[in-house]
1. V43: in contact with a Pro (Cβ under 9 Å, 6 or more places away or on another chain), within 22 Å of F321 (Cα to Cα) and surrounded by 19 or more Cβ atoms within 10 Å (Cβ to Cβ), yes or no?
2. Filter region 277-323 down to the residues that are out of contact with any helix residue (DSSP H, G or I) (no Cβ under 6 Å at 6 or more places or on another chain), within 16 Å of the ligand (Cβ to nearest atom) and in a loop (DSSP other than H, G, I, E, B) and list them by number.
3. For region 37-124, please list each of the strands (runs of 3 or more DSSP E) lying entirely inside it that holds at least 2 residues being within 13 Å of the ligand (Cβ to nearest atom), of a type outside the set (D, E, K, R) and under 27 Å from E319 (Cβ atoms).
4. Out of curiosity, is R326 within 26 Å of P172 (Cβ to Cβ), of a type in the set (K, R) and either under 19 Å from the mean Cα position of the chain (by Cα) or more than 13 Å from the ligand (Cβ to nearest atom) (or both)?
5. Identify all residues within region 244-253 that are assigned to a loop (DSSP other than H, G, I, E, B) and either in contact with a Leu (Cβ under 6 Å, 6 or more places away or on another chain) or buried (at least 22 other Cβ atoms within 10 Å of the Cβ) (or both); write none if there are none.
6. Mind checking which residues of region 136-169 are closer than 15 Å to T284 by Cα and of a type outside the set (G, A, S)?
7. Determine whether region 68-82 contains at least one residue that is more than 26 Å from E154 (Cβ to Cβ), at pLDDT 95 or above and among the hydroxyl-bearing types (S, T, Y).
8. Can you find, within region 54-81, the residue that is nearest to the chain's Cα centre (by Cα) among those that are closer than 24 Å to R204 by Cβ and in contact (Cβ under 8 Å) with a residue 60 or more places away in the chain?
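The values are calculated or read from the model by the stated rules, or taken from the named source; none is laboratory data. All values reported here derive from a predicted model rather than from experimental measurement. Cβ placement follows ideal geometry from the backbone for every residue including glycine, while neighbour counts extend to all protein chains displayed.
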Amino acid sequence: MISHVYATGNQLRWAADLSPGEVPRAADIVLAGLGGSGMAARVGALTAPSIPLTLVQGYELPGWAPGRKPLVVAVSYSGNTEETLAVFEAARAAGLPLVAVTTGGALAELAAAVGAAVVEVPGGLQPRAALAYQAGAVTMVLAAATGAASPASELTAAADVVDRTLDDGDGPGAALGRDLAEGIHGRICVIYGGHGVGAVAASRWKAQINENAKMPAFASEVPELDHNELEGWGTLPDLGRRTIALVTLRDPAGHPRIEQRMRLTTEVVRGKVAHVGEVIALGTSPLSRFFSLAAVGDVASVELARLSDVDPTPVTLLEDFKRRLRED
Ligand code: F6R
């Protein structure tokens, strides 16, 4: 798993060279995907702020879709995720333009059968270990769909930022990830990020700690948490000080009031938790900033698995759950 983390830059460079093929132009876009593939959709969406985008992480198209005829981009690494297949099928039935981002599976077959564009990403990985392939591919698809300039140089710049910070384990981001893992180990990790890049990175951190380290973790975003969750630190101080580690993901290029809120929020929570860590985004584009924050979390999650002596790769509980659902 750690070698895939260190290959993030190479995955982004692969995407920079990708030609997404015949992508229909669109005024609205629906992105459908779950888990690691849903994360790729969210990262891609950060790169396309000028088009109305709706993320679907369920079984159904938004009610407005058949009337407005958006482009539906289905993202599923395996190509076999039932929710994403259901959305793709509903979109096909409604005659909507379609693109599939996948390694194969039923999604590739369905897309081929209806003549939809398929953007094939390299297979053989856990979906979460292929985030940069998929996010890069979604970024390319969104640029093609909106007629925007190729994002190849942003992808390459993000690759350089990630390679510098990880440097195959010798870089400052890798050292920070291992250090933060020491503070999180044996505790429940709460991750805070600012709306936009920071919040998407916080969700990635959470999912990586869940799936790689097999530990509970929770992510929230500022400013929303300043309107509810912050009050929740008011009681049970001993519990927090024994069991919770807070990681804040800071984005100096984000909205200045959000950065101010992040600083003040951390001041309120510090002292109520066992450990506080911080990661600061690098680079200028949303892709660079996201991947610089996520890369540290990826390392931390694999290090947490090592500290707990668990194999980061298999997701036995998730697979068992999918099996139970199929048999139910
Ligand atoms: C497993 C993982 C999961 C999957 C999710 C959807 O590594 O990251 O979150 O991404 O179960 O599966 P796919 O991506 O195949 O559609």
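1. no
2. Correct list: V310, D311, T313, P314.
3. The strands (runs of 3 or more DSSP E) meeting that bar are 71-76, 98-102.
4. Here the answer is no, as R326 does not meet what is asked.
5. D251
6. Matches in region 136-169: P151, E154, L155, T156, D160, V161, V162, R164, T165.
7. yes
8. V75
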